[in-house]
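Here's the structure we're looking at; comments come further down.
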Amino acid sequence: MTIVVAYADTPPGHAALRAAAREAVLRSEEVVVVPATTDLDPTAESLRAVLEGGEGPDATGVSLEVRTSDLHDPADAVIQVAQQVEASLICLGLRRRSPVGKLLMGSTAQRVLLDATCPVLAVKP
């Protein structure tokens with residue numbers, strides 16, 4: 001099976017990638033990375049550099065694949081890819097936001113948590 005990561009080049013995104021790699025090692029699964037923004041184009045090499053900079057089990061053997069979606073909404077894109085690959089888990093990073101910030105901007109993490117058809121692992125940096 002597969003673990004899907006909602007990835008952004010931020011501390012919460014790095015934490016999500018590392019958590020997904022740890023789970024992939026434990027479960028012997030592959031990791032599919034979905035960029036959380038349309039202007040982000042991560043490569044396998046840049047993702048491996050993030051993994052090497054973290055603590056935890058050796059993730060050099062983890063299979064990494066980057067997938068994009070034609071959907072513009074990050075939450076919809078992550079959920080769509082997770083359904084396409086029949087993901088066993090979605091990993092995403094959380095950042096602290098005020099209640100007013102959530103009201104005005106919405107929450108991608110909240111939408112993924114509520115709409116995902118598989119378990120979701122939410123991590124903080």
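The values are calculated or read from the model by the stated rules, or taken from the named source; none is laboratory data. Since the model is a prediction, treat every value here as computed from it, not as a measurement. Note that each Cβ is placed from the backbone with ideal geometry, even for glycine, and that neighbours are counted across all protein chains shown.
Checking the conditions here, which among ALA87, ALA75, ALA82 is at pLDDT 90 or above and touching a Lys or Arg at 6+ places or on another chain (Cβ under 6 Å)?
Working: ALA87 fails: touching a Lys or Arg at 6+ places or on another chain (Cβ under 6 Å); ALA82 fails: touching a Lys or Arg at 6+ places or on another chain (Cβ under 6 Å).
So the residue among ALA87, ALA75, ALA82 that is at pLDDT 90 or above and touching a Lys or Arg at 6+ places or on another chain (Cβ under 6 Å) is ALA75.
To keep it simple, each residue is scored yes or no on (1) part of a loop (DSSP other than H, G, I, E, B); (2) modelled with pLDDT of 90 or more; (3) surrounded by fewer than 16 Cβ atoms within 10 Å (Cβ to Cβ); (4) at negative phi.
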| position | (1), (2), (3), (4) |
| --- | --- |
| PRO12 | no, yes, no, yes |
| ALA20 | no, yes, no, yes |
| GLU23 | no, yes, no, yes |
| SER46 | no, no, yes, yes |
| VAL50 | no, no, no, yes |
| ALA59 | yes, no, no, yes |
Polar (S, T, N, Q) and free of Cβ contacts under 8 Å to residues at least 12 places away in the same chain, is that true of SER28?
-> yes
